Structures are given as structure tokens and as C-alpha cells.
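These notes concern the structure reproduced below.
What follows is calculated from the coordinates using simple rules that are stated; it is not laboratory data. Keep in mind the model is a prediction, meaning the values are calculated, not measured. So basically every Cβ, Gly included, is an ideal-geometry build from the backbone, and we count neighbours across all protein chains shown.
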Amino acid sequence: MRLIRLRSIRAMLPSGGDAASNRSPAGACRLAPTTPAFTQPALVALVLALLVTLVACASSDRLTAQTASYTVRLALSERRTGERQAIIAIENHGRQPGAIEAVRILPLMRQHGMASPEVVARPLADGRYQADGVLFSMDGEWQIEVAIDRSDARELAEFQVTIWP
């Protein structure tokens, strides 16, 4: 514990050294409480860590939906307005449905009666599908329909997504 000289304390008093105006009823000198210097940087670091976590969660979206025959996973490059890339992974439930002929994505904003153009996804070498140019024209709540077309049926997987500006 450091000892502070009385002169140093008087110099810190707002009345220019009049200790009588800064005495408690018991006659002891009271000093204004101070915030430790480490508190502000620690708070800033905590806020930054939370923001980084939120951004990381928002940018690596993996959404899952079930159809009668498939588990469908959708990953968007970003949840922001503009043209985005979507990767679709389709796993069948163990049944042997017909071969997939096409995978299409249709973004809908039902509350505004809007739909973006349908995008046909192309197959990738690893069995997934990639759709480029999926358009989100404004921020808000979007429904993304992934249509899986086979020769014998069409199955729809629906995803709810929030798009940010």
C-alpha cells in the first residue's frame, strides 16, 4: 500500500486544497471513487470478442431441412443483400429415390409478395450442388425453397433466413 502525503491529497481536492469542504461527518477526507485503468480495455476487448463471434456465426450459415426422401443442407456465402452463392448438400434417407435431375433455388420474401429469379444449381464433383447468383434484393426475412427434381417427383426443402443490409 502506498502512502500519500497530505499535500498531494489537498492538491487533488476541487476546492483548491480546502479539505474542510471535503470531509465526511466524522472529519475524514473523502476522495472521489476512481475506475481502475484495466476496466475500460477489458470491456472493449469483451465487446470486440462478442462482435467477432456474432459475425462469425452469421457468415457461416448452415441450414438444414427434411423432405420425404432427403436431408438437405444449405450454406450461404453471406446473409447480406446482393447476389450470393449457395452450396446445397443432399443426403437421402436410405430409400432409393430416382436420380436427381436438377436442383433449383427460389428465394421468396412472402411478406412483401416478392420472389427473386430461380437459380439452377450445378452439380459439384463431391455430390453437392452450387448455385451462383442467388439474389436477395433487400434485407429482411426470406424463405428459400430448394426444389429437388427427379423423373418421378419433385421435393421441396424450405429454409427461413434473415438477410442483413
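Side notes on the structure shown:
- Put a dot 7 Å past the Cα of His93, heading toward its Cβ, do the same for Glu145, and the two dots end up 2.0 nm apart.
- Within region 59-165, GluC sites (Glu not before Pro) in DSSP loop having at most 13 other beta-carbon neighbours inside 10 Å: Glu118
- Net +/- balance of residues flanking Gly98 in space, Cβ distance below 12 Å, scoring K and R +1, D and E -1: -1
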